[in-house]
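The values are calculated or read from the model by the stated rules, or taken from the named source; none is laboratory data. Since the structure is predicted, the reported quantities are computational estimates derived from the model, not experimental observations. Every residue, glycine among them, receives a Cβ derived from its backbone with ideal geometry; neighbour counts consider all protein chains shown.
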Amino acid sequence: MDSAGQVKKPAKAKQKVSRWILFQLWFNTYKKFFTFVTLLNLVGITMAALGRFRYANEHLGALVLGNLLMAILMRNELFLRCLYIVAIYGLKSWAPLSIKLAATSVLQHVGGIHSGCALSGAGWLVYKIVDILRHRAKEHSAVIATGIITNVLVIISVLSAFPWVRDYHHNVFEKHHRFIGWLGLATTWIFVITGDSYDIKTGEWRADAHTLLTAQEFWFAVFMTIFVLIPWLTLREVPVEVEIPSPKVAILRFNRGMQQGLLGRISRTSIMEYHAFGIISEGRQSPYHYMICGVQGDFTKGLVADPPKTVWTRELKFAGVGHASAMFKRGIRVCTGTGIGAALSTCIQSPNWFLIWIGSDQERTFGPTIAGLIHKHIEPERMILWDTKKRGGRPDSMQLLKDTWTSFGAEVIFITSNKTGNDEMMQGCRAAGLHAFGTLWDF
């Protein structure tokens, strides 16, 4: 499975990258969003503490819930799919390349808004409970109790999503971020209703529906609940066929065709241990779509050792950055190993995308299904399949990208690789002035 026009030399010695480029890649749009949102809210909390933010004093709960609602939206499959649709169809025909690149960067890094708003919401919640405790002589004990409980639950949910927890203790992250988050949402409802129903001036409960329905906090809580529920309402147990071409890989086949650039989460149970994989499909009219699962952790090892007949998945899939490829005229999709799972659909469904796949013994490792999809839909002049076993090592990936960029007339590169490969190509592309978007590990 070897389709390169000419044989490239193996990788050269790694060139030194300037500190400015390293800083630009480190302080990416994700961190810019996170920094802006967090600092903006920190300024608000400071002004409120100094008595110079009247809105915060009157609607402190709205600032808490507004931030938490925005955090939920930035991780909601339906909302993000809508953002991609607006960007793709709104910019595709007329926007200059610089605007398309900026829009793609925003779409890829909205997780920074999610993290910033979640942390800020927790910060405002701490401020709110401190404010309640300051006036505890006037507040009802039920309001204070629900406020403290909500505070603890939301803070645990936020802390459990920190990168080192998510990366090294995935099950801990999933249990605490999801279940404690759900419990926190339930106590938030109680906190909102009790807080808005108790009049501290008179010391009495108000059984007034109008007061509750006109409160900003109430509607923030309503929409938080709706957007939390939407993805789970599409949860289904679906049949799956598992092909095991080698001990390293499991190929899962599902019914129904898909658009390119989507990812799906699957699990053997309905609410626990979900794992995200890129979706391969020939198009929406195709009878099937596929996922490539590299055997690494316990979950993927189980797919090979004990192939399931059904798995749980949300029918509403979420868009990866590859979904934005529809905005661009011509591009390069480069991937290594199992990264082909996230990359292949783009090149199958669009003749304007060039595939570069670097891997070891690809046809034997990934089997005839993946090889068949590639050779059926992608012309030899539109792909380079670099088999490191046959060619005696990895290529000079930057030289491959530079040559293909020029010959194919590309205007953007999407990269799906491991951390080392991603960093190497992103640094090289930035130094060479090639527009590139790399892999994120923020699901």
- [ ] Just name the residue that is farthest from Lys248 (Cα to Cα) out of those in region 287-313 that are surrounded by fewer than 14 Cβ atoms within 10 Å (Cβ to Cβ) and not β-branched (Val, Ile, Thr).
- [x] Pro287
Open item on the list: Among the residues that make up region 60-78, is at least one of them touching a residue at least 12 places away in the same chain (Cβ under 8 Å), within 22 Å of Asn151 (Cβ to Cβ), crowded, with 17+ Cβ neighbours inside 10 Å and polar (S, T, N, Q)?
Closed with: yes
Open item on the list: Please verify whether Asp403 is at pLDDT below 95 and either surrounded by fewer than 19 Cβ atoms within 10 Å (Cβ to Cβ) or touching a Phe, Trp or Tyr at 6+ places or on another chain (Cβ under 9 Å) (or both), treating the condition exactly as stated.
Closed with: no
Task: Restricting region 269-285 to residues that are in a loop (DSSP other than H, G, I, E, B) and buried (at least 16 other Cβ atoms within 10 Å of the Cβ), the residue that is modelled with the lowest pLDDT - done: Glu273
Open item on the list: Any residue that is within 25 Å of Asn76 (Cα to Cα) and basic (Lys, Arg) - is there at least one of those in region 294-315?
Closed with: yes
TODO: Can you work out which of the residues in region 364-391 that are crowded, with 20+ Cβ neighbours inside 10 Å and not hydrophobic (A, V, I, L, M, F, W, C) is farthest from Ala410 (Cα to Cα)?
DONE: Thr365
Task: Long-range neighbours under 7 Å by Cβ, at least six apart or interchain, first residue surrounded by 11 or more Cβ atoms within 10 Å (Cβ to Cβ) within region 188-215, second among the charged types (D, E, K, R) and in a loop (DSSP other than H, G, I, E, B) - done: Ser197/Arg206; Asp199/Arg206; Ile200/Lys138; Ile200/Glu139
TODO: Please list, ordered by first then second residue, the pairs with beta carbon atoms under 7 Å, 6 or more apart or interchain, first in region 138-161 and in contact (Cβ under 8 Å) with a residue 12 or more places away in the chain and assigned by TED's automatic domain parsing to the domain that holds Asp196, second part of a loop (DSSP other than H, G, I, E, B) and of a type in the set (A, V, I, L, M).
DONE: Lys138/Ile200; Glu139/Ile200
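Every residue, every condition in (1) at pLDDT 95 or above; (2) closer than 22 Å to Phe437 by Cα, yes or no:
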position: Gly297; (1), (2): no, no
position: Trp312; (1), (2): yes, no
position: Ile348; (1), (2): yes, yes
position: Asp361; (1), (2): no, no
position: Asp396; (1), (2): no, yes
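Let's see how each residue does on (1) farther than 24 Å from Trp441 by Cβ; (2) of a type in the set (A, V, I, L, M, F, W, C); (3) touching a residue at least 12 places away in the same chain (Cβ under 8 Å); (4) not in a helix (DSSP H, G or I):
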site	(1), (2), (3), (4)
Asn41	yes, no, yes, no
Met47	yes, yes, no, no
Arg52	yes, no, no, yes
Ala56	yes, yes, yes, no
Leu83	no, yes, yes, no
Ala87	no, yes, yes, no
Gly90	yes, no, no, no
Ile99	yes, yes, no, no
